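Presented below is the structure to which this report refers.
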Amino acid sequence: MLHRLIRRLPRPPQAPARFMLEQFLNKIFATAIAEEELDFLNDNVFQVRVDGIPMEFDLTLKNDKLKLSHVSDQWDLRITGSAYDFMLLAARREDADTLFFQRRITTEGDTELGLYLKNFLDSLDLSDLPFSKWLEQGLNGAIAMHDRFEPLGRALQR
Amino acid sequence: MELVCPAGNLPSLKVAVDHGADAVYMGFRDDTNARHFAGLNFNDKRARDGIRYAQERGTRVFLAINTYPQPAGWPRWEEAVDKAANLGIDALICADIGVMQYACDHAPQLNLHLSVQGSATSAEAVSFYHDHFGIKRAVLPRVLSLKQLRRVVSASPVPIEVFGFGSLCVMVEGRCLLSSYVTGQSPNTYGACSPASAVRWDKTPRGLESRLNEVLIDRYADGENAGYPTLCKGRFHVHGKTGYAIEEPVSLNTMELLPELLAMGVAAIKIEGRQRSPVYVEQVATVWRAAIDACQKNPSGFHPDPAWQQVLQSVSEGAQTTFGAYHRPWQ
């Protein structure tokens with residue numbers, strides 16, 4: 001599995017990665033923020049934990065800007081899943097409820113906040129987003145790579 | 001036989017249209033419809049865009065105003081009907097007789113469909129809505145066996161639409177009080193069963209627990225498939241045993257029954273799931289389009305393609321499917 005290979009790599013420092021992700025998210029969701037579609041994140045902390053790779057952060061909206069920070073105990077909703085499943089969701093290859101029924105993604109805390117987030121993401125017209133082509137290619141490339149190396153990863157584990 | 005697909009948002013509507021839906025159904029962003037969930041449904045602009053997208057491509061748009069208004073909220077239901085009429089939708093799906101009367105008086109050009117929330121299980125009940133409000137179609141609740149369904153379809157004054165696929169509950173649509181009992185809110189008046197604000201998921205040493213307004217609904221062991229946290233799909237202690245006492249978390253899948261539904265004259269197959277994502281709508285619409293086309297071409301030789309069934313299985317709640325009440329020999 002891709003994340004097993006990644007786990008063997010030296011851990012990059014998280015703060016610069018978070019900073020870059022924050023810039024990126026503010027860029028692609030600029031219209032949605034302006035149209036108040038992300039107001040449900042105001043004063044609410046959404047914690048993301050990605051299994052298998054060193055990626056975890058708190059996300060909130062302050063003064064019309066998405067803010068990413070180091071994980072804290074002060075979260076309202078926590079969502080946990082593998083990098084692969086998050087990529088499938090982002091690329092619209094899997095349905096969130098399907099992954100939830102199959103226990104591949106778990107949420108804890110404020111369920112309504114999770115529903116807001118899920119429905120916000122589902123309602124996005126991906127082709128309207130900045131970098132949409134690049135994003136789609138990147139995600140599909142990563143998913144394809146995972147699908148290709150997963151059998152190898154499994155074989156190596158035996 | 002028509003394929004009617006769910007659209008909880010604009011991308012879902014577009015993929016349904018692009019993947020073979022004859023009609024899509026949607027709702028506004030409030031308690032006037034039975035999928036009143038946070039962030040779901042259409043604001044005015046998205047509704048206009050969606051209706052244009054569908055109608056330009058020959059797909060009809062149905063709008064659900066299918067909750068039961070309470071005295072204090074009545075103006076919202078009036079406004080919703082007015083808005084629907086101005087938007088030029090192809091049919092209004094409604095359940096409450098007050099809403100139907102308002103539509104008849106103020107927007108007589110609107111086609112009315114009786115919602116599943118109307119819980120009409122006999123040709124006589126369907127005739128009542130036809131005689132008084134001129135409904136053009138009725139969606140039947142998922143409690144009838146095939147034998148009973150055949151009787152209703154043959155005696156009904158209007159075409160009948162039935163559910164073909166999607167999540168199941170106890171199916172006393174429009175009359176179920178289980179969600180109200182635990183949370184004070186229900187699909188009937190508020191538009192949401194087990195509203196998310198009352199739901200908590202907790203990882204505990206004993207398993208993943210779902211709670212509704214603090215009441216433990218279910219506890220899933222590692223690897224066990226989860227379902228929606230509704231009281232009817234909870235596990236109960238009954239006579240010393242713990243299990244599903246009311247309903248199991250399963251999905252309805254009637255694909256194998258398609259030739260029988262076609263032969264008895266069912267006009268449309270409805271897919272449940274406005275709360276699901278565009279991926280679900282795309283997967284399910286594609287498979288059902290292919291199935292309905294194949295069945296219409298050769299009803300006697302129709303067999304669901306295992307690949308279709310695999311897709312439907314994978315997106316199902318609880319990851320099990322059943323025929324629901326359609327195969328209850330004792331009814």
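The values are calculated or read from the model by the stated rules, or taken from the named source; none is laboratory data. All values derive from a computational prediction rather than experimental measurement. Backbone-built Cβ (ideal geometry, glycine too); neighbour counts: all protein chains shown. Protein only, heavy atoms only, side chains kept; ligands, DNA and RNA dropped before computing areas. Shrake-Rupley method; radii C 1.70, N 1.55, O 1.52, S 1.80 Å.
Structure notes:
- Projecting label points 7 angstrom from Cα along Cα→Cβ for residue B:45 and residue B:105 puts them 3.5 nm apart.
- Each residue of segment B:118-123 was assigned a 3J(HN,Hα) from its phi angle through the Karplus curve 6.51 cos²θ - 1.76 cosθ + 1.60 (θ = phi - 60°); the sequence is x, 6, 7, 10, 9, 5 Hz, with glycine and proline shown as x.
- Paramagnetic label reach from residue B:311 (point 7 Å along Cα→Cβ; backbone nitrogen cut-off under 17 Å): within segment B:1-21, residues B:3-7, B:12-21.
- Where only DSSP H runs of four or more residues are counted, chain A gives -15500 deg cm²/dmol as its mean residue ellipticity at 222 nm, each run worth -39500 (n - 2.57).
- Using alpha-carbon coordinates, inclination of helix A:111-123 to the longest axis of chain A, degrees: 80 degrees
- Each of residue B:86 and residue B:170 was given a label point 7 Å from its Cα along the Cα-to-Cβ line. The distance between the two points is 4.0 nm.
- For segment B:178-244, the solvent-accessible area works out to 50 Å² per residue, with a probe of 1.4 Å and every protein chain left in place.
- Pairing chain B with chain A buries about 2700 Å² of accessible area. This figure sums both sides and uses a 1.4 Å probe.
- D by Stokes-Einstein for segment B:1-51, Kirkwood Rh over Cα pairs, 10 °C, 1.306 mPa s: 143 µm²/s.
- Residue A:65 exposes around 110 Å² of accessible area when a 1.4 Å probe is run over every protein chain in place.
- Distant-in-sequence amide H partners of residue B:2 (H built 1.01 Å from N, under 5 Å): B:268, B:269
- Restricting segment B:1-67 to trypsin sites (Lys or Arg not before Pro) in coil, as DSSP defines it, with at most 14 other Cβ within 10 Å: B:57
- Secondary structure note: in chain B, about 40% of the DSSP beta bridges are antiparallel.
- Chain B - mean residue ellipticity at 222 nm from DSSP helices (-39,500 (n - 2.57) per run, n ≥ 4, rounded to 500): -10000 deg cm²/dmol
- Amide H contacts for residue B:163 (H built 1.01 Å from N in the peptide plane; partners 5 or more residues away or on another chain; cut-off under 5 Å): B:140, B:270.
- C-alpha long axis of helix A:132-157 to longest principal axis of chain A, angle in °: 40 degrees
- Accessible area of segment A:2-149 belonging to carbon and sulfur atoms, whole % at 1.4 Å probe: 55 percent
- Table column - 3J(HN,Hα) (Hz), segment B:64-70, Karplus curve with 6.51, -1.76, 1.60, x for Gly and Pro: 8, 10, 10, 9, 9, x, 9
- When Rg and Dmax are taken over the Cα atoms of chain B, they come to 19.4, 59 Å.
- Pair residue A:31, residue B:78: separation of 7 Å Cα→Cβ label points (nm): 3.7 nm
- Segment B:178-244, relative contact order [Cα under 8 Å, separation at least 6], %: 22 percent
- Per-residue 3J(HN,Hα) values for segment B:13-30, derived from phi via the Karplus relation 6.51 cos²θ - 1.76 cosθ + 1.60 with θ = phi - 60°, read 4, 5, 5, 5, 4, 5, 10, x, 5, 7, 8, 10, 10, 9, x, 7, 7, 7 Hz in sequence order (x marks Gly and Pro).
- Segment B:178-244: proportion of alpha-carbon pairs further apart than 13 angstrom, %: 63 percent
- For segment A:2-149, DSSP calls about 70 percent of its internal beta bridges antiparallel.
- For the residues of B:275-286, the average number of beta carbons from a partner chain within 10 Å of their own beta carbon is 5.
- When the convex hull of its Cα atoms is projected in every direction, mean area for segment B:189-317 (nm²): 11.1 nm²
- In plain terms, the bigger the Kirkwood radius, the slower the diffusion; for the protein assembly as shown, with that radius from Cα pairs, at 10 °C and 1.306 mPa s, Stokes-Einstein puts D at 67 µm²/s.
- Put the Cα centre of segment B:197-224 next to the Cα centre of segment B:43-94 and the gap is 36 Å.
- Taking only the Cα atoms of segment B:73-116, the radius of gyration and Dmax are 9.3, 25 Å.
- Cα gyration tensor shape for segment A:2-149, rounded if a/c is under 1.5, else prolate or oblate: rounded
- Note on the protein assembly as shown: antiparallel DSSP beta bridges, both residues inside, total approximately 50 percent of the bridges counted.
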